[in-house]
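The values are calculated or read from the model by the stated rules, or taken from the named source; none is laboratory data. Please read these numbers as outputs of a predicted model, since none were measured by experiment. Note that we place each Cβ from the backbone using ideal geometry, even for glycine, and neighbour counts take in every protein chain shown.
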Ligand code: UDP
């Protein structure tokens, strides 16, 4: 297949490009680098099966040649209010990537009669009132809250994707991605894993926002990509949660990272503005992925973090 991936220079887009190239496909990558990085795709520069266009997908996409699949992964995604790359600081670009970018990429899929996969998010559940989150839970999102620029853009994107499926018969798929980590994450984007691992490798205390009782479930990137590829090749049109169902508190997560890295500096509690709008519990129900895709994560937290450490050491100049 010839496959278009938007956000190809991002953390997930670049891993997806690698996986689909390895599977024998040709990949056309697109990114405008507002949050993606050239480093993430530098190794593909001489790959004759990879072609790259610098383009902002919220503008019309002119794509020479046919494609058999379109995977829409372009969007700012970090919830860190202090990061210039976070969606709090790119609110309009975030809404445009989810709304106009989804419209444009669906247009490419319709024109090419191709397969389509939307990267959606656990954020569409907002601060969930149902736990764990199943795909039929409609979510708890404040449309004018600060996270809304991301959450509502992705909710709109899901609605538009279903509209193209129902109206035009496009072969669409929607993955709801839960917290994922691994090599090529941006060290500066302020998320829990990059912050914690960076701090642990420098022997510093890990910064817990709030009291650390909020929960997440962390998935290693290779597991996530495998679920996405299975979904792409499936007949499933309704959303599918892909994530690791092992729920842990942020304090337990920090302690695990200190243990694995041998960091003796412990943790420090910070009153952060994140804590007032932070989802308190998050855990995917992956019954649908297990049943329909025969998928479940294989990496333990320990194994995943060990695979991530060399990348962090290199980026921090520690090797
Ligand atoms: N967090 C933290 N310290 C940090 C960064 C994040 O305690 O240095 C917390 C954050 O408040 C949230 C959780 O870790 O409760 C996960 O945050 P992340 O940014 O990784 O992603 P989110 O799940 O909020 O999208």
#### Entry: Counted residues, the stretch 222-257 - those being assigned to a helix (DSSP H, G or I) and farther than 26 Å from residue 269 by Cβ
11
#### Entry: Within the stretch 172-204, tally of residues that are over 16 Å from residue 305 (Cβ atoms) and either touching a helix residue (DSSP H, G or I) at 6+ places or on another chain (Cβ under 7 Å) or free of Cβ contacts under 8 Å to residues at least 12 places away in the same chain (or both)
8
### Query
Identify, please: which residue in the stretch 152-173 is surrounded by 23 or more Cβ atoms within 10 Å (Cβ to Cβ) and closer than 22 Å to residue 286 by Cβ and is, among those, nearest to the ligand (Cβ to nearest atom)?
154
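Looking at the structure I just gave you, is residue 155 closer than 30 Å to residue 315 by Cα and either outside any helix (DSSP H, G or I) or modelled with pLDDT of 95 or more (or both)?
It is false that residue 155 is closer than 30 Å to residue 315 by Cα and either outside any helix (DSSP H, G or I) or modelled with pLDDT of 95 or more (or both).
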### Task
Identify all residues within the stretch 259-287 that are more than 13 Å from the ligand (Cβ to nearest atom), over 24 Å from residue 175 (Cα atoms) and buried (at least 16 other Cβ atoms within 10 Å of the Cβ); write none if there are none.
260, 261, 263
### Query
In this structure, does residue 239 turn out to be in contact with a helix residue (DSSP H, G or I) (Cβ under 9 Å, 6 or more places away or on another chain) and either closer than 30 Å to residue 88 by Cβ or loosely packed, with under 14 Cβ neighbours inside 10 Å (or both)?
yes
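Kindly indicate whether residue 65 is modelled with pLDDT under 95 and either over 26 Å from residue 193 (Cα atoms) or not in a loop (DSSP other than H, G, I, E, B) (or both). It would help to see each step written out before you state the result.
Working: modelled with pLDDT under 95: yes; either over 26 Å from residue 193 (Cα atoms) or not in a loop (DSSP other than H, G, I, E, B) (or both): yes.
Against the criterion (modelled with pLDDT under 95 and either over 26 Å from residue 193 (Cα atoms) or not in a loop (DSSP other than H, G, I, E, B) (or both)), residue 65 qualifies.
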### Task
Tell me which residues, restricted to the stretch 174-184, are closer than 19 Å to residue 208 by Cβ and either assigned to a loop (DSSP other than H, G, I, E, B) or more than 10 Å from the ligand (Cβ to nearest atom) (or both).
179
## Note on the structure
Those residues of the stretch 207-221 that are within 6 Å of the ligand (Cβ to nearest atom) and either modelled with pLDDT of 95 or more or assigned to a strand (DSSP E or B) (or both) come to a total of 4
### Task
Could you list, in sequence order, all residues of the stretch 188-205 that are more than 7 Å from the ligand (Cβ to nearest atom) and at negative phi?
188, 189, 194, 197, 198, 199, 200, 201, 202, 204, 205
### Task
Output the residues belonging to the stretch 192-222 that are surrounded by 20 or more Cβ atoms within 10 Å (Cβ to Cβ) and under 13 Å from the mean Cα position of the chain (by Cα).
218, 219, 220, 221
### Query
Any chance the stretch 90-100 includes a residue that's within 15 Å of the ligand (Cβ to nearest atom) and within 17 Å of residue 279 (Cα to Cα)?
no
### Summary
Scanning the stretch 105-132 for residues that are in a strand (DSSP E or B), within 13 Å of the ligand (Cβ to nearest atom) and under 24 Å from residue 13 (Cβ atoms) gives 121
### Query
Can you find a residue in the stretch 44-58 that is out of contact with any helix residue (DSSP H, G or I) (no Cβ under 9 Å at 6 or more places or on another chain), closer than 23 Å to residue 153 by Cβ, part of a loop (DSSP other than H, G, I, E, B) and at pLDDT 95 or above?
yes
